[in-house]
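Novice: Here it is, the structure in full.
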Amino acid sequence: MKRSLIIVLALAAALLQGCGIYSFSGTSIQSDVRTVTIDYFDYKALKVNPTLSNDLTEALKDKFKKLTKLEAVEMDGDLELQGEVTGYEVRAAAVTANEVAAQNRLTVTVNLTFTNRKYPEDDFEKSFSAYSDYDSTHSLDAVEAALCEEIVEKLVEDMFNASVAQW
């Protein structure tokens with residue numbers, strides 16, 4: 001009984017993998033899509049974070065490298081992701097009875113243009129936003145690196161899912 005179940009599961013997995021559309025990483029990439037170009041994310045937010053664009057670009061490249069079989073190319077990939085950081089702001093997230101901020105929220109907004117040269121119907125331009133809260137007793141300078149790391153992770157997950165997982 002167990003052996004036949006294992007055989008059936010192995011055959012099902014082989015069929016799903018063989019169709020070229022579904023993978024166990026959750027991506028929905030057609031089998032004839034083989035390359036990806038991820039352009040450097042321009043920084044256009046008013047408040048400056050000198051490392052955010054590079055961190056975001058590299059994290060997105062790493063995500064594609066780890067979870068897809070696509071070859072990264074400098075230009076004219078079957079898939080192309082272009083983006084820009086359009087927002088980087090801190091606002092009060094929670095206020096005390098004395099009208100003092102108890103928590104602040106760092107929010108990063110990114111505009112992404114996704115181009116699928118093989119299947120243009122999948123193209124989109126979309127804004128993504130992620131945030132992280134921190135205690136107002138800390139200065140932004142003290143927690144900024146950790147917050148940005150968390151925010152970049154969220155943004156990359158959302159952009160990856162929207163582009164190749166089509167969630």
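Novice: Distance from the Cα centre of segment 130-145 to that of segment 62-91, in angstrom?
Specialist: Rounded to whole Å, the Cα centres lie 26 Å apart.
Novice: Defining a contact as two alpha carbons under 8 Å apart and six or more residues distant in sequence, what relative contact order in percent does segment 30-167 show?
Specialist: Working: 247 pairs, mean separation 31.0, N = 138.
Dividing the mean separation by the residue count of segment 30-167 yields 22 percent.
Novice: Once amide H atoms are placed 1.01 Å from N in the peptide plane, what residues at a sequence separation of 5 or more from TYR43, or on another chain, have their amide H within under 5 Å of its amide H?
Specialist: Correct list: VAL85.
Novice: Using all alpha carbons of segment 31-167, what is the percent of pairwise distances in each 10 Å bin, ordered from the shortest bin to the longest?
Specialist: Computed distribution, short to long bins: 12, 40, 27, 14, 6, 1, 0.
Novice: Moving on. Please list, in order along segment 61-75, the HN-Hα scalar couplings obtained from phi with the Karplus expression 6.51 cos²θ - 1.76 cosθ + 1.60 (θ = phi - 60°), rounded to whole Hz, x for Gly and Pro.
Specialist: Whole-Hz 3J(HN,Hα) from phi for segment 61-75: 4, 4, 4, 5, 5, 6, 10, 9, 9, 5, 8, 7, 10, 5, 8.
Novice: Next up: In debye, nearest 20: dipole of segment 33-165 around its Cα centre with unit charges on the Cβ of K, R (+) and D, E (-)?
Specialist: On the way: 14 positive and 26 negative charges, 39 e Å.
Its charge dipole is roughly 180 debye.
Novice: Further question: Please work out the FRET efficiency for the pair ARG91 and TYR119, using the Cβ-Cβ distance as r and a Förster radius of 41 Å; give the result to the nearest 0.05.
Specialist: Numbers: r = 39 Å, r/R0 = 0.95.
After rounding, the FRET efficiency stands at 0.60.
Where a number appears in this text, it was derived from the coordinates with a stated rule and is not lab data. Being a predicted model, the structure only gives us computed values, none of them experimental. Heads up, the Cβs are rebuilt from the backbone with ideal geometry, glycines too, and the neighbour counts pull from every protein chain shown.
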